[in-house]
1. Select from F47, A76, N11 the residue farthest towards the positive end of the dipole of the range 4-90; place +1 on Cβ of Lys and Arg, -1 on Cβ of Asp and Glu, and compute about the Cα centre.
2. Considering amide H positions built from the backbone, and no H for Pro or chain starts, which residues 5 or more places from I36, or on another chain, come under 5 Å of its amide H?
3. Taking the 0 to 90 degree range and rounding to the nearest ten, how far is the long axis of helix 380-391 tilted relative to the main principal axis of the chain, both from C-alpha atoms?
4. What is the dipole size for the range 4-90, taken about its Cα centre, with +1 at each Lys and Arg Cβ and -1 at each Asp and Glu Cβ, in debye to the nearest 20?
5. Please go through the range 70-105 and write out the trypsin sites (Lys or Arg not before Pro) that DSSP classes as loop and that have at most 13 other C-beta atoms within 10 Å.
6. Between Rg and the Kirkwood Rh of the range 221-384, both from Cα atoms, what is the Rg to Rh ratio?
7. Which distance in nm do the two modelled labels at Q318 and R31 give, with both placed 7 Å along the Cα-to-Cβ direction?
8. Before rounding to the nearest 500, sum -39500 (n - 2.57) across all DSSP H runs of length at least 4 in the chain and divide by the residue total; then give [θ] at 222 nm in deg cm²/dmol.
Amino acid sequence: MVKASSKIIYNPQRIRKDGTVLLYLRVIINREKKDIDLKILWPCERFDVKNQKCLPREKNDQLCEDYNLIIKNELAKATEIFVKFRLRRLDLTLDLFLREYHSQISTEDFYKYYKKKVNLRYRAGEIAEPTRNNHLGTLRKLKQWKPKLSFFELDAKTAQNFDSWMLRKTPCKSLNGRACHHKNFKSYVRAAIQQDEIQCINPYHFFKAKTEMGRFQPLTKDQFLQFWDYYQDPLIHPTHRAVLRAFLFCCVTGMRHGDVRRFSLDWIDGEFFDFIPHKTRRWGTRVRMPITKEALDLIADEIDEIGDTKMFRYPSEQKQNDFINEISDLLEIKQKICFQIGRETFATLYMEHDGKLEVLASFMGHTSTKMSEKYVKIMDQRSKAEGMRISRFMVRD
């Protein structure tokens, strides 16, 4: 059985000239000792060792009251750690205690942990602002479902119950919409267990969020050529031409919209693009892919018409999506268009023209072919053609 104790002490051999001493929180666990500096200086004769508190130096001594509150909180914090490990029947060492004690992250309230972890990742540059907002959006959804959630409450049914609530009580009816929230929820449960060694049940060991083909479909080859021909039209509006150039660049390179907007001529290495995608920069994933004539032509047009700094950034990102849909309406292409479709169009058309999945994964900066498979969507025309093979079963020889 682990023996643990804590108390406030000072060193009588280190009394300052003004009669004050530093107060420490002494923690003893299995005979290992650690004195934690509380940053409190107090007259040694005005500290009550038996009752573990500072005695007032004068009437209405506010500083004395403040220091006693700090002392009370630090003792309570130590006791909370002792109790938590004892109730969970876990072995407590001095190293584990110090890690818990100095942690700024809540190890009880999951929502406090989640929010703190999101902000820490954002400040460390691990996630960008849009990702932070997305993760906090999931936190708001969780709080709507269950106003309070502790790590102790996580169990085998938590994820399933959250999914059922989203389906019944929110506009988030689609599998993909719910899967996005599950992905974020799962990430912070996993971080708590693996990174911060918080003892809890992972609900996602018992539940797997399902996904479906997204509502955004890649362009067919004919639709892509419609956009390409419109780009070549001498009467095209200059803003439409600039936006369409960026979209087509996504289509012929497979780059994410964010990477297209930060494109630099420094990424050109001979006959290859060589760069680290912003989204996966923390893993150092590098993309190296051949430069096609079409991509070079678009770059040359951008330099001639906009310049070689801040390429493909005009107009703003939101306006680019608005204008690309205006162009889609002009071409009578009856589907919602966004820049993500450019990346999916690249993947699907590449594979439909006998591309290799492992090569596609390297072009798109994926670490596995499974990630690339999600981008490849069989066109209706291709599906219909394949369906005709079934009809041939009925043909008599």
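Values quoted throughout were computed directly from the atomic coordinates according to the rules given, and no laboratory measurement underlies them. Worth saying up front: this structure is predicted, and the values here are computed from it rather than measured. Quick reminder, even Gly has a Cβ in these numbers, built from the backbone with ideal geometry, and neighbours come from all protein chains shown.
1. Among F47, A76, N11, the one farthest towards the positive end of the dipole of the range 4-90 is A76.
2. Result for I36 returns L25, R26, V27.
3. Helix 380-391 sits at roughly 70 degrees to that axis.
4. On the way: 20 positive and 12 negative charges, 108 e Å.
It comes to approximately 520 debye.
5. Values: sites: K72, K77, K84, R86, R88, R89, R99; in loops: R88, R89.
Counting only loop positions with at most 13 other Cβ atoms within 10 Å, the trypsin sites (Lys or Arg not before Pro) in the range 70-105 are R88, R89.
6. On the way: Rg = 15.5 Å, Rh = 16.3 Å.
With Rg and the Kirkwood Rh in hand, the quotient comes to 0.95.
7. My value for the distance between the label points is 6.7 nm.
8. -16000 deg cm²/dmol
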